[in-house]
Structures are given as structure tokens and as C-alpha cells.
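To start, the structure itself, in C-alpha cells.
The values are calculated or read from the model by the stated rules, or taken from the named source; none is laboratory data. No experiment lies behind these values; they were computed from the predicted model shown. All Cβ positions, glycine included, derive from the backbone under ideal geometry; neighbour counts span all protein chains shown.
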Amino acid sequence: MKDFYLRSDVLEALAFQMPFHEVAFSWGRDRVIRPLKVESVEELRALLERYGSNEAFSVLRSIESFSNALELESKPPEALRFDWDFTIDIDSEEFELAKRAAGKLGKLLELFNISFLVKFSGRRGFHFIVPGKVFHVGDSLREYIDAYPRLPTMIADFVEACLNEPKLKLDKSIYAPRHLLRCTYSLHEKTGLVSTPVSDLTRFKLEEAKPENVKASLEHLQLEFKVGSGLELLKACGELCLPFSFKIWEL
């Protein structure tokens, strides 16, 4: 499994996602190496050579952006946080249900003109990643930063109601400070499948996530978005977003 991560295409794609995030290697809950910091392909390669193994392990990064991830050992996350992503974790015991819900979510975000990336989780679900700054609709950057984790939790409540899937609940524990998310092109430590980008949810098959079938690409990680473009979605959330001190529904 270490050899997969040392492939040049995988190294480049993983390293692209890591600057200003806490990075970790995980073999399961009982064995996690964190916090790590990666600013270049060379730094990532060195960490993989040091900690990697031939058994399946995951490479993860934080949902939040930090000024210095290594200082998380001595400082609270809110003192270092300067940005965050809005991440939605769709997980279900029924893979087809997860696919259906993910398809509905994609259409919902498109309805509100929200830019997003979607990837297979590596096990039985899908992760949607939205740049947090699409919800920076006020004048205060500090207020936007401090809205985490309260605001993404409230947006997820609204999204869950819109999906209307009684058998499916969104995992909102991911908004806890310092929560880690499997990187795109990371292996899943339990399945050995790759958390790979998905371009067509209706046609996606698990076979596409086998390491030998995956070709990592930076193109699938780059996303154009407009700061504040999530205003209409925030308005639709209505009273769920009342804790924001500015009145987003009057902007």
C-alpha cells in the first residue's frame, strides 16, 4: 500500500490538498499519527517513507485550515483556524441509497449555484466538499471564521431535510474541531479502495476505486468558486442561520 502512495501522480495530488491543513496517517482508530504538516511533495514523500507500511492505511487532512498545524499540540484549534470547508458526508449501509442521495444533493447544490467537489469515501458513501468562503457573505472575516462549526452544522440540517431520505442521516460529527477527512486519492484502511473523485454518480461502480484502476489528477481537485455565492442557500436555510449576527436574509 505504501507503493501506491509513492506513485508520482498520487504524491502530487495528495500534496496539493495539504498546505495549511493538519495531516494524519491512520490504520484505524487505535493507530493514528497526528498532527503532521505537509507543504510540498518532498515533505509528503519523507513522511510516507518514515511512517508508511505495506498494510492498508489512510491519509487524512483536516476540514479546517490552520496557520500552523504542528502548533495544535499546544494551542486550541480556534486560535489557529483561518478558514474551513463545508463538507457533507453521505454514508449508508445501502450503497445504492447513498448514490441516490448523493445525486439529489448534487442537484440541490447546483440549484443554488454552489460549486463543489464530490468523491467516493472509499467504503460505502460519498463526500461533498464546498469551499467555506462561498458562505462568507458579510463584511467580517473574523465572523465567518468563528461561524465554524455552528454554521456548517445548520446548513447540513437544511440539506438533510431537503434530501428527505428517512433511512439516511448526515454525519454532523465531522464538524467537530480538528476532525479529519480522508484525502482524495487516499486508500481506505478497511477496504483498500481509493477515495476517488466521481464525475457521474449514476454510473459509478466500486471497481473504479481499485488502486490499479485509479489515475490521480490535479484537474479533479481544482474548483472555481465565488466568495459569497452561497447567499441564496443561506437565505433558504432561513431561521436555521439566525445565530449569524448579521441578517443574511436582508442582504
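A few points about this structure:
- Filtering 97, 109, 181 for residues that are at pLDDT 95 or above and part of a helix (DSSP H, G or I) leaves a single hit, 109.
- Top-ranked residue of segment 162-178 - restricted to ones that are outside any loop (DSSP other than H, G, I, E, B) and touching a residue at least 12 places away in the same chain (Cβ under 8 Å), ranked as farthest from residue 5 (Cα to Cα): 162
- Identity of the residue in segment 42-69, within 20 Å of the chain's Cα centre (by Cα) and not in a strand (DSSP E or B), that ends up farthest from residue 174 (Cα to Cα): 44
- Members of segment 49-85 found to be touching a Lys or Arg at 6+ places or on another chain (Cβ under 8 Å) and modelled with pLDDT under 95, listed by number: 52, 53, 54, 56
- Cβ-Cβ distances below 9 Å connect the following pairs, each with a first residue in segment 110-138 that is touching a residue at least 60 places away in the same chain (Cβ under 8 Å) and surrounded by fewer than 20 Cβ atoms within 10 Å (Cβ to Cβ), a second residue that is acidic (Asp, Glu) and in a loop (DSSP other than H, G, I, E, B), and a separation of six or more residues or different chains: 115/224.
- Qualifying residue in segment 14-24 (condition: of a type outside the set (Ser, Thr, Tyr), more than 18 Å from the chain's Cα centre (by Cα) and closer than 17 Å to residue 187 by Cα): no
- Considering the conditions (1) polar (S, T, N, Q); (2) touching a residue at least 24 places away in the same chain (Cβ under 8 Å); (3) not in a strand (DSSP E or B), residue 153 is excluded by exactly one of them, (2).
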